[in-house]
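All remarks here apply to the structure that follows.
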Amino acid sequence: MSNRYVYGVVASDTVEFETEAVAGAERVYTISHRRLGAVVSDIDTTDPEETDEDAQRHDDVLREIMEYDGGTTVVPMQFGMAFESDRALKNVLRGARPAFRRAMNDIEGKIELGLKLVREEDADVDPEAIETAVADLLEPIAAQSVANDLFSDRLVLNRSYLVAESDRERFDDAIARFEDEHDELMVKYTGPFAPYSFVDVKIGAQQ
């Protein structure tokens, strides 16, 4: 009996396609329960090991789901959610239904974009001034944003932004403008990602 590895949860429209999925699976499909569907692939364990390759595949599959059928809203799961049976998975969908619905409303039509600002080698930078400048520029465009760890002493800012697809171009332009005006900073702008940072639905993988 093969287990089910979960990428994310969608409103009931059935998502199904062939792709390079986690742990060598070749097909992604939906297991539905009352207007919610978990997008899964088959896997032979309930405790998958997070290799770089599989973490990348998890992200790639989420991106394919987001682009599926002209655009599909998906509540993304972190890497490693696997269930022993369809029944165990449906129980989770049942139990967390209100949370999934809320999350879906929050992120519908939106993507996550990441911004890291790294100070150039010998640059003298005022982090507070930079933070204020970025906030003034980007917060009016973004629906939400969250701060991430400053994991290096040259990292001045590390934030994730939830941005409506329709505001993507404005956001891109604002970043480009900021980059032009700040030679002292290296701008690392990433995405779009499924909105991990703005979804807080915890599901237990214990059967």
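The values are calculated or read from the model by the stated rules, or taken from the named source; none is laboratory data. Computed from a prediction, not measured in an experiment: that's the story for all the values here. Note: ideal-geometry Cβ built from the backbone for every residue, glycine included; neighbour counts use all protein chains shown. Accessible surface is based on the protein model in full, side chains and every heavy atom, while ligands, DNA and RNA are left aside. Shrake-Rupley method; radii C 1.70, N 1.55, O 1.52, S 1.80 Å.
Please determine, by comparing only the residues of the range 5-46 that are in a loop (DSSP other than H, G, I, E, B) and of a type in the set (S, T, N, Q), which one is most open to solvent (accessible area, probe 1.4 Å). Out of the qualifying residues, it is Thr14. Restricting the range 149-163 to residues that are over 14 Å from the mean Cα position of the chain (by Cα) and open to solvent by less than 70 Å² (accessible area, probe 1.4 Å) leaves a set whose member that is nearest to Glu108 (Cα to Cα) is Asn158. On the stretch given as the range 119-145, residues that are buried (at least 18 other Cβ atoms within 10 Å of the Cβ) and under 15 Å from Glu179 (Cα atoms) total 4.
Among the residues of this structure, Glu181 counts as one that is acidic (Asp, Glu) and over 23 Å from Arg102 (Cβ atoms). Of the residues making up the range 47-60, those that are surrounded by fewer than 17 Cβ atoms within 10 Å (Cβ to Cβ) and either in a helix (DSSP H, G or I) or in contact with a Pro (Cβ under 9 Å, 6 or more places away or on another chain) (or both) are Asp52, Glu53, Ala55, Gln56, Asp59, Asp60. Does the range 84-105 include one or more residues that are assigned by the TED database to the domain that holds Thr51, outside any helix (DSSP H, G or I), closer than 23 Å to Phe193 by Cβ and touching a His at 6+ places or on another chain (Cβ under 7 Å)? Scanning the range 84-105 turns up no residue that is assigned by the TED database to the domain that holds Thr51, outside any helix (DSSP H, G or I), closer than 23 Å to Phe193 by Cβ and touching a His at 6+ places or on another chain (Cβ under 7 Å). Within the range 181-191, the residues that satisfy the criterion of being assigned to a strand (DSSP E or B) and either open to solvent by 40 Å² or more (accessible area, probe 1.4 Å) or without any contact (Cβ under 8 Å) to a residue 24 or more places away in the chain (or both) are Met186, Lys188, Tyr189, Thr190.
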